[in-house]
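The values are calculated or read from the model by the stated rules, or taken from the named source; none is laboratory data. Computed from a predicted model, the values in this text were never measured in an experiment. Ideal geometry is used to build each Cβ from the backbone, glycine not excepted, and the neighbour counts take in all protein chains shown. Accessible surface is based on the protein model in full, side chains and every heavy atom, while ligands, DNA and RNA are left aside. Shrake-Rupley method; radii C 1.70, N 1.55, O 1.52, S 1.80 Å.
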Amino acid sequence: MTPPERTVTAGDLRRLLPPFAAAVPVAIFCVVVLALPLATAREIGLTPRQTSTWLLALYGIPGAVSLALTAAYRQPLLVAWHTAVVAFLAAAARDIPYHELLGGLVVAGLAIAALGTLGLTRRVAALVPAPVVFGVVAATVLPFVVGTFDALGEEPVVVGVALIVYLLSRQRPGGKLPPVLLALVGGIVAAALTGDVEPLPEGWSALAFEAERPVLSVRGIVSVVPVVVVLVAMQANLTAVVYLRSNEFQPPARAIDIATGLATTLGAMFGQVPVCMAALMTPLTAGPEAGER
């Protein structure tokens, strides 16, 4: 005898609103930071085919790792690419050939995976107080908070409406709609009324794909590995793990390092893809406003 089919109720849909609202600023941030790899690609002279391949790997690989870790461990384990590492590699490309930098990323990814296998990052995470991590996250977020007021001077109506709606909705705790979602709707409506909504671009074409060939060199390894290992394993992964633990999760620190390290090595076959835990976004996806666990 087959069990009766369960119907989707209004309560089920309301439960999806907080995680959906948490996903909105994450998606917006991912679109905004796209300017960094695009500028990097122009500066180091990548071809359009190389650029499109890099962008596919830059977003596709972390997205796949996020889905795999979240499904396996039933925790909000959001993985992304490390913006500071991409900026560092862009600066280093002035003195080191591009494919040697990719070779350094290959070794850096293997080193991060080795740290995870040995459990070194997990031991460090147990020693780091949560308030220290909160301070790191706050310092990372602060420039974006300041940027809100810079944007307010450039787009006073759109940004002002979104900000006012968000602040007013925060005054009503326990409301049915998350404040971020209401702010998004208010901003879109204001943009439409002021004529700031642009149509989608025309001339879409199929993705051009081209793999790279990393070159192992002493110069590339010595220049890249120490910086990438510290920023990915210690600054990003460690910060996210400690924050998750402070919210009563049990993140698999070893698996996170192994997965992000191997993903970084794989990504180097397509471009500069430093994969790490999204420490900046983890408070959004794992905090109390993201909804039920």
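For the chain, set up a GNM with springs between Cα atoms under 10 Å and report which of V224, V180, V157 has the largest fluctuation. Top of the fluctuation ranking is V157. Shown here for region 147-227: trypsin sites (Lys or Arg not before Pro) in loop regions (DSSP other than H, G, I, E, B) with at most 11 other Cβ atoms within 10 Å, namely K176. For the chain, modelled as a GNM whose springs connect Cα atoms under 10 angstrom apart, the maximal fluctuation among A21, A206, A268 occurs at A206. 3J(HN,Hα) along region 67-73, derived from phi through the Karplus expression 6.51 cos²θ - 1.76 cosθ + 1.60 where θ = phi - 60°, amounts to 4, 5, 5, 5, 5, 6, 10 Hz, with x in place of Gly and Pro. If you fit an axis through the alpha-carbon atoms of helix 253-267 and take the longest principal axis of the Cα set of the chain, what angle between them do you get, 0 to 90°, nearest 10? The answer is roughly 70 degrees.
Go ahead and run the numbers for FRET between L193 and V31, Cβ-Cβ distance against an R0 of 25 Å, rounding to 0.05.
Details: r = 22 Å, r/R0 = 0.89.
Calculated value: 0.65.
Here the Gaussian network model covers the chain, with springs between Cα atoms less than 10 Å apart; of E100, E198, E248, E198 fluctuates the most.
In plain terms, if you count all Cα to Cα distances in region 141-236 and split them into 5 Å steps from zero, the share in each step is 2, 10, 10, 12, 10, 9, 10, 13, 11, 8, 4, 1 percent.
Modelled spin-label separation between R14 and A64, with each label point placed 7 Å from Cα along the Cα-to-Cβ direction: 4.0 nm.
Counting only heavy atoms of protein chains, what accessible area per residue, in Å², does region 159-293 have with a probe of 1.4 Å? Present the calculation step by step, with values, prior to reporting the outcome.
Values: 7290 Å² over 135 residues.
Dividing the accessible area of region 159-293 by its residue count gives 54 Å².
Identify the chymotrypsin sites (Phe, Trp or Tyr not before Pro) of region 189-293 meeting these criteria: DSSP loop state and at most 10 other C-beta atoms within 10 Å of the C-beta. Walk me through the numbers before you get to the answer.
On the way: sites: W204, F209, Y243, F249, F270; in loops: W204, F209, F249, F270.
Filter output for region 189-293: W204.
Remark: the chain is approximated by an ellipsoid whose semi-axes, taken from the C-alpha gyration tensor as √(5λ), come to 33, 26, 20 Å, largest first. Using a probe radius of 1.4 angstrom, the carbon and sulfur fraction of the accessible surface of the chain is 69%. Across the chain, C-alpha contacts under 8 Å between residues 6 or more apart give a mean separation that, scaled by the residue count, equals a relative contact order of 40 percent. Considering only the Cα atoms of region 232-284, their convex hull presents on average a projected area of 3.6 nm².
Normalising by residue count, region 193-293 has a Cα convex hull of 201 Å³ per residue.
A Förster radius of 25 Å, combined with the Cβ-Cβ distance separating R74 from L120, puts the computed FRET efficiency at roughly 0.50.
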